[in-house]
1. Which members of the range 303-344 meet the condition of being more than 22 Å from the chain's Cα centre (by Cα), outside any helix (DSSP H, G or I) and not small (Gly, Ala, Ser)?
2. Looking only at the range 40-56, count every residue that is out of contact with any helix residue (DSSP H, G or I) (no Cβ under 9 Å at 6 or more places or on another chain) and closer than 17 Å to residue 101 by Cα and tell me the total.
3. Restricting the search to the range 6-48, which residues are charged (D, E, K, R), part of a strand (DSSP E or B) and surrounded by 13 or more Cβ atoms within 10 Å (Cβ to Cβ)?
4. Working carefully through the options 105, 189, find the one that is in contact (Cβ under 8 Å) with a residue 12 or more places away in the chain, acidic (Asp, Glu) and in a helix (DSSP H, G or I).
5. Which of the following residues is surrounded by fewer than 16 Cβ atoms within 10 Å (Cβ to Cβ), under 24 Å from residue 302 (Cα atoms) and within 19 Å of the chain's Cα centre (by Cα): 166, 170, 179?
6. So is residue 69 within 21 Å of residue 358 (Cα to Cα), surrounded by fewer than 17 Cβ atoms within 10 Å (Cβ to Cβ) and of a type in the set (Lys, Arg) or not?
7. Checking residue 146 against (1) without any contact (Cβ under 8 Å) to a residue 60 or more places away in the chain; (2) assigned to a loop (DSSP other than H, G, I, E, B), which test does it fail?
8. Kindly indicate whether residue 111 is modelled with pLDDT of 95 or more, surrounded by fewer than 24 Cβ atoms within 10 Å (Cβ to Cβ) and touching a His at 6+ places or on another chain (Cβ under 7 Å).
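The values are calculated or read from the model by the stated rules, or taken from the named source; none is laboratory data. Note that the structure is a prediction, hence the values are computed from the model and not measured. No Cβ is skipped: glycine too gets one built from the backbone with ideal geometry, and neighbour counts run over all protein chains shown.
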Amino acid sequence: MAVRSLAVNCGSSSLKYAVFDGRGAEEDEVVRGTIDRVGTVVPDHAAAVHAMVDALDARGVVPDVVGHRVVHGGVEHTSPRRVDAGLLASLEALVPFAPLHLPPEILGIRAAAARWPQIAQVACFDTAFHATLAEAASRYAIPERLYEAGLRKYGFHGLSYEYVVAALGASTLGRAVIAHLGNGCSMAEIRDGKSVDTTMGFTPSAGLVMGTRAGDLDPGLLLYLVEQGYDGLALDGVINREGGLLGLSGTTADVRDLLDRRASDPRAERAIDVFVWSARKWVGAMAAALGGIDSLVFTGGIGEHAAPVRAAIAAGLGHLGVEIDASRNDANAPVISTSGARCTVHVVPTDEERIVARHARSVAGAS
């Protein structure tokens, strides 16, 4: 019998959801929706969940199980878990690790459980995919006491990477770099379908240049700003809200706008150039750690749709066997590399909600 699973994805100012009817790893999408401007049109994510439930009720859609994307699972949570009081308490304790993401996600879980007390709720962790990182990849060169306190690389976008691996298959990917390029950007180094390393670290602020996040910064730069009087809130602005493509361009974090303006706006051109340089450098570093790559995958909003950005990143990777077919790239084809290229370059539309629904279905079935 098919199980109807609802996936809930609470973002900072939105709630995305999707309902699937499925068995095992196969499912049919029933409905998908988004509630935008959480915090303005609706006051918070609890209200957004209630609006979602009302919308589903109006369509006569009632799930058998609800899965929630949870950005951070810490050291303890490395696989999907059914929600209970103990799990919620552990998530509350993790809030200092992800203060922007976990509170709305916890609020959403509590609201869904209150609205549907008889329906199982399952937490699916973005960090879980990277639990396979070796100690050499996950440790920072800091004192042992800080490592024991949980200060290590966790990695994020795991549900997106998991979807890509499931969609293409580990054998097809081989040694792969998956580039999740959206407003938040990261890459994962994959071998045998498992995460070997990733660009994001203790928080989602590390690694690549992103929409409004600066990515990797010299820690001494932050110490300098502290000496100049910057407090935590001001540093957060530099790191997460005022940097990245927005900081470089001075106008926007939207790659579509930057591509349109770059011929006439030097700052827009500079923003794209820095973004591409950062991404290309990370592909090269990951390829070196893997001993070469068989596949390069682009996903996320930029990765799926910005053909000029993909072409620019790939332009410096010919030594890795990356060769782009311009017509395929312009068409956003599933494979955009030339037929004879040593490295196959894929474009895969990600679907985190589908992975969450699969996990929810699996956990509920095993309960």
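1. Matches in the range 303-344: 317, 322, 323, 324, 325, 336, 338, 342, 343, 344.
2. Total satisfying the criteria: 1.
3. 16, 21, 27, 29, 32
4. Sole residue among the options that is in contact (Cβ under 8 Å) with a residue 12 or more places away in the chain, acidic (Asp, Glu) and in a helix (DSSP H, G or I): 105.
5. 166
6. no
7. Only one criterion is unmet by residue 146, namely (2).
8. Taking the combined requirement at face value, the residue satisfies it.
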